[in-house]
Each structure stands twice: as structure tokens, then as C-alpha cells.
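Right, one structure below, let's go through it.
What follows is calculated from the coordinates using simple rules that are stated; it is not laboratory data. Keep in mind that this is a model prediction, so the values were computed, not measured. All Cβ positions, glycine included, derive from the backbone under ideal geometry; neighbour counts span all protein chains shown.
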Amino acid sequence: MDRGILYFAKGDEFVLEAEKSANRTRELMDCPIALVTNIDTNSDVFDEVIIDTTDFTWSDKPVSLLESPYEKTIFLDSDIWLEESVSGLFDILDRFELALAKDPKEEHVHYMDKTHPIDGVPEAFPEYNTGVVAYRQTPDVTQLFEEWRRRCKPEHVHDQLSFRTSLYQSTVRFATLRPEYNCMYRAHNALNGTVKVFHGKLVRESHHPSLNEALQKINQQLGPRVSYGYDPYVETIPPRSLSIYLRSRLTRLRSIIEQEGMGAAVKRTGSFLRRKLSRSN
């Protein structure tokens with residue numbers, strides 16, 4: 001098949017979560033959905049169920065990605081909730097082989113790995129989150145996932161440490177998605193626009209922000225903002241208030257008058273107003 005959604009889940013709890021996520025995805029996107037799992041499921045939300053009866057290991061995710069029956073795949077973790085369709089990710093795969101978002105926490109860059117480079121990876125190379133991965137089946141992508149699988153170790157806390165190294169050393173042509181396409185609402189996020197993908201447990205856990213709270217708060221304002229997920233709440237800091245904004249513009253205007261004269265200030269102000277009016281129309 002040309003395109004489809006892929007989930008991976010092992011164990012009753014995660015399969016139920018994947019079903020909830022997939023039902024929401026089905027409401028928003030008209031494409032087949034497959035599941036890689038170790039148990040039978042009676043849910044009719046999945047068009048194809050691929051059974052893998054092996055015990056869970058960190059290498060299961062790259063193995064599952066290799067099992068996709070689609071030429072173009074959007075992989076979603078079981079704890080993904082779509083607020084809007086992400087079918088545009090398939091369009092990105094017309095130009096790129098792989099697309100995913102940077103991890104806002106970057107645990108293996110800033111906390112676990114104290115010395116650099118790690119396996120030849122410079123500190124400047126970011127860590128990507130593998131909860132949302134759009135990819136096309138190409139030889140380079142297959143090689144990347146095989147190398148990722150090989151590098152996964154039992155002692156790793158997550159699979160992203162091995163993925164970071166594998167991606168850096170690969171020849172895959174990849175794109176970085178905006179954070180709105182993988183918002184880990186329990187972390188801190190710099191956002192601008194509608195968050196389309198919420199990433200976090202779909203059921204409330206004690207001392208953690210709930211999905212419902214994140215859905216209510218994070219998209220209340222759509223301008224540049226920062227969201228903070230902390231026990232047990234989600235909060236957002238909105239764009240600058242009007243008074244602060246006007247103060248900053250007046251300070252800028254005074255600086256132009258002092259440095260370039262009144263004529264330049266009038267010209268700059270006119271250009272600024274025209275840009276604002278054109279954007280509002």
C-alpha cells in the first residue's frame with residue numbers, strides 16, 4: 001500500500017492505549033492503520049495486526065518500523081493523541097526519507113552523557129523524539145533502522161540514545177518537524193500555532209498532568225508561547241502583553257529617531273503598519 005499509520009504496542013495496557021489513540025486517528029485521517037503487537041486484539045480499528053510474540057526489548061521499535069506494510073508510513077506511539085490530521089507528513093516524504101521532531105528534553109544530550117563526542121556525535125547534533133516518525137521505505141532508511149536496532153542495549157533507559165547515534169551516522173535525508181507535531185505536554189515546549197499532536201499518557205496518572213488539561217490549555221492561545229508540564233498541571237505563558245509590546249515598539253522607535261532621524265522613523269513605521277495590515281487581511 002502507498003501510505004498508512006503504524007502503531008507498536010506490547011502488553012494489554014499499551015494495546016488498549018494504542019486502540020484509543022487509533023480510534024481518534026481514524027476520526028481524523030482516511031488511511032489504513034496497522035499494529036505490531038504480541039497479543040491478539042479484537043478491535044476493528046486496525047486494518048492489519050502484525051504479531052510479534054517476543055519479549056519486550058528496546059530494539060522492538062526499530063524492528064516494528066521495519067515491519068510496516070506501507071511505502072510511506074507515519075508511526076505513532078501508543079500515547080499519541082491527534083488534535084488535527086497530520087496527513088501533511090506524507091507530503092514531506094515526497095522530498096525527504098524521514099521526518100521527526102526534536103525532543104524538548106534531550107535527556108541523553110544534557111543529563112546522561114556528560115562528555116562529547118559520543119560515538120562521534122557532536123553535542124550540537126540534537127536528540128530526536130521517536131514518538132512520531134514519518135518515513136519512506138528506502139534502502140537508507142532500512143539501513144538506519146537496522147543500525148538503530150543493533151545499537152539498542154538492555155541497559156538503555158530509552159531507545160533514543162541509540163537512535164541519535166544511528167541517525168547522525170546515517171545517509172538518510174531527513175527533515176525536522178515543528179514541535180506542534182509532537183508536543184510532549186509533560187515537558188517544556190516552545191510553541192507557535194496549533195498543536196496538532198499531543199504526546200503523553202492518554203489516561204490520568206497520579207501526580208502527572210492529564211491529557212484533558214493539556215488539550216484545554218495549550219491551544220487556548222496560538223501565538224508564540226511556552227508550555228510547562230509539571231506535577232500535576234500544565235501551564236502556558238502567552239505572548240507578550242499589549243503594554244509590554246507597545247513599550248518595546250516605542251523604545252525601538254525612539255532609537256531609530258536618535259540614530260537615523262525622524263524621516264527614517266516615519267518610513268519604518270509606515271512599512272511596519274503595512275505589513276501588519278497585509279497579514280490581517
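With θ set to phi - 60°, apply the Karplus curve 6.51 cos²θ - 1.76 cosθ + 1.60 along the range 3-10 and write out the HN-Hα couplings as whole Hz, x wherever there is a Gly or Pro.
Here the 3J(HN,Hα) series is 8, x, 9, 10, 10, 10, 7, 10 Hz.
Beyond a 20 Å Cα-Cα separation, which of these cross-linked pairs lie in this structure: K61/K201; K102/K196; K105/K201; K10/K102? Show your work: numbers first, answer last.
Working: K61/K201 18 Å; K102/K196 15 Å; K105/K201 17 Å; K10/K102 25 Å.
Violating the 20 Å Cα-Cα cut-off are K10/K102.
For helix 262-280, what angle does its Cα long axis make with the longest principal axis of the chain, in degrees from 0 to 90 and rounded to 10?
The answer is roughly 40 degrees.
Report the convex hull volume per residue for the chain, counting only C-alpha atoms, in Å³. Working shown, then result.
Numbers: hull volume 50.8 nm³, N = 281.
For the chain, the hull spanned by Cα atoms encloses 181 Å³ per residue.
For the range 158-172, in order, what is each residue's ³J(HN,Hα) by Karplus, 6.51 cos²θ - 1.76 cosθ + 1.60 with θ = phi - 60°, in whole Hz (x at glycine and Pro)?
Karplus-based 3J(HN,Hα) across the range 158-172 equals 9, 8, 7, 4, 5, 5, 4, 5, 5, 5, 4, 8, 8, 10, 5 Hz.
Say each of T171 and V203 gets a label point 7 Å from the Cα, pointing the same way as Cα to Cβ; how far apart are those two points in nm?
Once both label points are built, they end up 4.6 nm from each other.
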